[in-house]
Amino acid sequence: MAKQNELNYEYQNREVELDVARSFRFGEGKISGYVSVFLGALSLLAVLAYLFPAYLTTIELRQAYDAKDLQQILKYGMYFSLFFGVLTFVLGKFKRMGFAGILLTSIAFALGGYKIPVGPVEPIRLSLGVDWLILAFLGSVFIFMTLEKLFPKYKNQVILRKEWALDLFYFCFNHLAISAILIYANYHASHFDWALNEQVHEFVRDMPILLQVVLIILLADFVLYWEHRWFHEVKCLWPVHAVHHSVENLDWLAGSRGHFVQIFSERAMVMIPLYLIGADQTALDIYVGFAALQAVLIHCNLKFSFGFLRYIFVTPQFHHWHHSSEKPAIDTNYSAHTVLFDYLFGTAHMPGDHWPADYGTTKKLPSSFVGQVLYPFRRLVKR
Ligand SMILES: [Zn+2]
Ligand SMILES: [Zn+2]
């Protein structure tokens, strides 16, 4: 009976997805409406970040980009939002979305648009990562959504799948909180001052950068493997991590879903080895870029042959099995970067070229953001 209900549920889901797919017909204005609203919202956020850089941008990221250069991208974003807003109006069916896009961009123009003077920023300790949110969103849409359209695993899955808005909310939350996450992770690592060793630092810094990156990846992977495994195998920790597993259709956005306790603890744990080995800043930057891209990539709806790399690195297929609700795959494939520790500790599951048929948790979680945030605490009280 339960299986039958599940099948009905799956069937309804698929129907909803196909309905959404059918509703995205070229020439009706829905696509241009969404593009206009998203570009309008991003433009307004960017303008606010230019107005209040100390509060709405992150120190670490400010060093990596030129705010003046990015104003050129903002300029095109604003004009494209207006263009697609007008187009939506002309096409007729989704006038309200066109209006929303134009309104958001008009407010951005009224606040100074892409001509706000850029000057030195007085750093404050805790800020919101609006800059990180905008750049990560644009980067992800360009890189991962393109890959998903070119090499999809599940061809019928649409961009605006069930619960996409919830995952977008998680995406925004996690990116805005970057400064708080880093402060917490650094504070956590500082408790290991006693283990710092200058000889280790010298030894590591004498290595070629590439070797330092490999060392960082392996150390981080070891920590992340065990941290992840505990979230699965320690009973009181599982409800926290279950939030990440509650997604039933994986794509570039799905990996964003994660309880803040898990996000904060993950970053704090991985910071310990990075802090202790004292690697070169360039090696650390390469690792951070690699880890950020791989974390999104492995959740993508992407069937791409990675050749021999699939025997070294965690790929979408490997991590999709981790999200499967099918029995042999449950509690397997914990690694974040390489497949090494899963094979070493006997938790790897990679049945040839097969992919999972079912995703998600065996027990349903609340479907709202607040419901999911409170879920582990409610479970604790119930015990
Ligand atoms: Zn997991
Ligand atoms: Zn995942």
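Please verify whether V130 is closer than 27 Å to A254 by Cβ and either in contact with a helix residue (DSSP H, G or I) (Cβ under 6 Å, 6 or more places away or on another chain) or loosely packed, with under 14 Cβ neighbours inside 10 Å (or both), treating the condition exactly as stated.
On the way: closer than 27 Å to A254 by Cβ: yes; either in contact with a helix residue (DSSP H, G or I) (Cβ under 6 Å, 6 or more places away or on another chain) or loosely packed, with under 14 Cβ neighbours inside 10 Å (or both): yes.
The answer is yes for V130.
Of the helices (runs of 4 or more DSSP H) lying entirely inside the stretch 172-263, those containing at least 1 residues that are within 16 Å of ligand 2 (Cβ to nearest atom) and of a type outside the set (D, E) span 209-233, 238-245. Taken over the stretch 137-158, the residue count meeting the criterion of being in contact (Cβ under 8 Å) with a residue 60 or more places away in the chain, in a helix (DSSP H, G or I) and among the charged types (D, E, K, R) is 1.
Against the condition touching a Gly at 6+ places or on another chain (Cβ under 7 Å), modelled with pLDDT of 95 or more and assigned to a helix (DSSP H, G or I), how does I107 come out, does it pass? Lay out the reasoning, then the answer.
Working: touching a Gly at 6+ places or on another chain (Cβ under 7 Å): no; modelled with pLDDT of 95 or more: yes; assigned to a helix (DSSP H, G or I): yes.
No: the conditions fail for I107.
Among the residues of the stretch 268-285, at least one is part of a loop (DSSP other than H, G, I, E, B) and either within 16 Å of ligand 2 (Cβ to nearest atom) or closer than 30 Å to I143 by Cα (or both).
Listed conditions (1) surrounded by 17 or more Cβ atoms within 10 Å (Cβ to Cβ); (2) in a helix (DSSP H, G or I) are all met by R161, apart from (2).
With respect to L42, is the statement that it is exposed (fewer than 15 other Cβ atoms within 10 Å of the Cβ), modelled with pLDDT of 95 or more and under 15 Å from V130 (Cα atoms) true? No: the conditions fail for L42. Selection of the stretch 298-323 for residues being away from ligand 2 (no atom under 11 Å from the Cβ) and either aromatic (F, W, Y) or outside any loop (DSSP other than H, G, I, E, B) (or both) yields F304, F306, G307, F308, L309, R310, Y311, F313, Q317.
In the stretch 247-274, what residues are of a type in the set (G, A, S) and either within 11 Å of ligand 1 (Cβ to nearest atom) or under 13 Å from the mean Cα position of the chain (by Cα) (or both)? Spell out how you get there, then give the answer.
First pass over the stretch 247-274, keeping only residues of a type in the set (G, A, S): 254-256, 258, 265, 268.
Once the filter is applied, which keeps residues that are of a type in the set (G, A, S) and either within 11 Å of ligand 1 (Cβ to nearest atom) or under 13 Å from the mean Cα position of the chain (by Cα) (or both), the stretch 247-274 yields A254, G255, S256, G258.
Within the stretch 192-241, being touching a Lys or Arg at 6+ places or on another chain (Cβ under 8 Å) and at pLDDT below 95 holds for one residue alone: C236. Selection within the stretch 324-374: residues that are in a helix (DSSP H, G or I) and either surrounded by fewer than 13 Cβ atoms within 10 Å (Cβ to Cβ) or free of Cβ contacts under 8 Å to residues at least 40 places away in the same chain (or both). The member of this set that is nearest to ligand 1 (Cβ to nearest atom) is A329. Report yes if some residue within the stretch 171-178 is in contact with a Ser or Thr (Cβ under 9 Å, 6 or more places away or on another chain) and farther than 21 Å from A336 by Cα; otherwise report no. Taking every residue of the stretch 171-178 in turn, at least one turns out to be in contact with a Ser or Thr (Cβ under 9 Å, 6 or more places away or on another chain) and farther than 21 Å from A336 by Cα.
The values are calculated or read from the model by the stated rules, or taken from the named source; none is laboratory data. None of the values given here were measured: they were computed from a predicted structure. Note that we place each Cβ from the backbone using ideal geometry, even for glycine, and neighbour counts take in every protein chain shown.
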